[in-house]
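Below is one structure, written out as C-alpha cells, with a few remarks after it.
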Amino acid sequence: MLIMPNNFSRLSEKPEPERYQIQNAILVDRNNQRINLDQLKGKIVLFDVWSSSCLICIQKFPDLQKLVDKYRNDTLVRFIALNMPLKRDNGIKPEKHTNKYTFEKMFFATEEEAKKLSITSVPLVLIFDKDLKCRYAGGLNFGWNIFLGNVENIINQLIIAAGSNK
C-alpha cells in the first residue's frame, strides 16, 4: 500500500461526480437555520460528508483540518464537514466529534435531504467548482504519493480555472 497507494485510492473513488447536485438538498447550520447555497457560488467548496456511525469519517477530521490550515488565507476555498443525520442521533446534531476543529460544519436538514444526492456510503468527499458543479467525488486523498484523486491537486486546478475565468 505504501508503494502503490493509488490502487487503493482508485478503489475508493466514487464514479460520476456530476450526479451530485448540492443545490437539490436543504442544508442547515447547528441551529437548524437553512443555509443559503447561493453564498457558496463563486467559491471552491469541499464537502466532507460523514455520519456519526462512521469511525473512519471521524478519524479523517485531522486530515481535513490540515487542508483547512493550508488554505486558511485563500478566500476562494471553503471546507465544510457535512453531516448525514441518522435516526440514532435522535435529532441531536453530533457536534461532539467536530467541536475541536475549525472547519465549517453543516448538516443535511433530514435523512431525506441526504438521499436527494444519492449518497450511498460515507466517508465521501465532494469538491464543487465556483458554479457549484461537482468536479470530484471520492476520498480525502492527498500527499506526495497520491496521484489519482489528490484533492489538493484538484483544488489547485479549480483555483487556477476560477482565476482565469474572472
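Once amide H atoms are placed 1.01 Å from N in the peptide plane, what residues at a sequence separation of 5 or more from I35, or on another chain, have their amide H within under 5 Å of its amide H?
Hits under the 5 Å cutoff: L27, V28, D29.
With the alpha-carbon atoms as the only input, what is the per residue convex hull volume for the chain in Å³? Don't jump to the answer; show the numbers that get you there.
Numbers: hull volume 19.3 nm³, N = 166.
Enclosed volume per residue, from the Cα hull, is 116 Å³.
Just L140, L55, L126 to compare: in a GNM of the chain, with alpha carbon springs under 10 Å, which one fluctuates most?
So, out of L140, L55, L126, the one fluctuating most is L55.
Under a 5 Å amide H to amide H cut-off, with H placed in plane at 1.01 Å, what residues pair with R135 once short-range neighbours are removed?
For R135, whose amide H was placed from the backbone, the distant partners under 5 Å are I127, F128, D129.
Considering only the chain, what is the antiparallel percent among its DSSP beta bridges, to the nearest 5? Numbers along the way, then the final one.
Values: 12 of 24 bridges.
That works out to approximately 50 percent antiparallel.
Please tell me the relative contact order of the chain in percent, rounded to the nearest whole number, where contacts are Cα pairs under 8 Å and at least six residues apart. Please report the intermediate quantities before stating the final value.
Details: 275 pairs, mean separation 56.6, N = 166.
Averaging sequence separation for qualifying contacts and normalising by length gives 34 percent for the chain.
What residue among R19, R88, R135 has the largest mean-square fluctuation in a Gaussian network model of the chain, using Cα springs under 10 Å?
R88
Report, by chain and number, residues whose modeled amide H sits under 5 Å from the one on N83, excluding near sequence neighbours (fewer than 5 apart, same chain).
Sorted by chain and number, the residues that satisfy this are W50, M106, F107, F108.
In Å and on Cα atoms, what radius of gyration and Dmax does the stretch 88-158 show?
According to the Cα coordinates of the stretch 88-158, Rg and Dmax are 14.5, 41 Å.
Quick one: grab the alpha carbon gyration tensor of the stretch 18-116, order the square roots of its eigenvalues as a ≥ b ≥ c, and give me rounded if a/c is under 1.5, else prolate or oblate depending on whether a/b is larger than b/c.
Values: a/c = 1.72, a/b = 1.14, b/c = 1.51.
Taking the square roots of the gyration eigenvalues as a ≥ b ≥ c, the stretch 18-116 is oblate.
Any read-out appearing in this document is the output of simple, stated calculations on the displayed coordinates, not a laboratory observation. Just so it is clear, the model here is predicted, and its values are computed rather than measured.
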